[in-house]
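The values are calculated or read from the model by the stated rules, or taken from the named source; none is laboratory data. Keep in mind it's a predicted model, so treat the numbers as computed, not measured. A quick note on method: Cβ atoms are made from the backbone with ideal geometry, for glycine too, and the neighbour counts reach across all protein chains shown. Just the protein is used for accessible areas: all its heavy atoms, side chains included, with ligands, DNA and RNA removed. Shrake-Rupley method; radii C 1.70, N 1.55, O 1.52, S 1.80 Å.
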Amino acid sequence: MCNLCDFSTYMSMAHYRVCAIVTDELFGDCRDMNEHAAAAQNLGKADPDMVLDISNTMTRMRLMIGRRVIGRMAIAKLAPGLELSHIDVLDIVRRADMPSTVGSIAEAMRLDPSRGSRVVAEMVGRGLLKRDVCQEDGRRSVIEITPLGSSILAEMHSAKISLINDVVSDWPADDVEAFARLFDRFIGRFEKRLMPDAVSLTGETRVCPPRS
């Protein structure tokens, strides 16, 4: 089960950090196979046909993730009435390395500030988020997940694990372990290759950002 949890985490990473970048900057819709073939010739020991197979598989994954199949299934079962954007906001707040504000949420969601404010207000009204006072600066407010919001995220995660478990249920254990390990390596290399200027916030002092 640990391998499945790791794989689920890698899938989330792929969705938030890699798939959009790969789609826009590297793979596109794979219609220009000549360009891919030319690029593959410069990959050293990598088999060009295998590289193109990976590219095509990533396109299939992009289409599936773009439709948010897992999220839609989980919402229909666990939280009818919620929107996918609500789940995204909950996940953004949960993953944040610093206390979240309306502004940081809007930026992460690529929303204008007014739209971001409305989304947060709606989620506060639904009991999914709450506003609190920043402990470092009482003049600022931060956004936190409520127990209800946390429970929905936990249920979504459980639903994802269950689906992944079903998909790989007939795989040998060694295959699951190998896939989880190699998928992690693949995503990690993309992060280094496509986001070389990304700065880790691990260990930095948690300071409340400006009020938004």
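The table that follows gives values for the structure above.
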item: Which of 133, 51, 69 is most accessible, then next, and so on - probe 1.4 Å; result: 133, 69, 51
item: Order of exposure, largest accessible area first, which applies to 55, 150 with probe 1.4 Å; result: 150, 55
item: Distance violations [Cα-Cα > 28 Å] among 77/192; 130/160; 45/192; result: 77/192
item: Sulfur and carbon atoms: percent of accessible area, segment 132-178 [1.4 Å]; result: 51
item: Per residue solvent-accessible surface (Å²) - segment 73-184, probe of 1.4 Å; result: 56
item: Label-point gap, in nm, between residue 98 and residue 115 - each point 7 angstrom along Cα→Cβ; result: 2.3
item: Residue-level accessible surface for residue 191, protein heavy atoms, 1.4 Å, Å²; result: 40
item: Probe 1.4 Å, all protein chains present, accessible-area order of 64, 123, largest first; result: 64, 123
item: Viscosity 1.002 mPa s, 20 °C: Kirkwood-radius Stokes-Einstein D of segment 129-193 over Cα pairs, µm²/s; result: 138
item: Residue-span extension gain [residue 183 to residue 132] - 0.36 nm each, minus C-alpha spacing; result: 14.5 nm
item: Peptides ranked, highest mean first, by Cβ atoms within 10 Å: ranges 171-180, 91-100; result: 91-100, 171-180
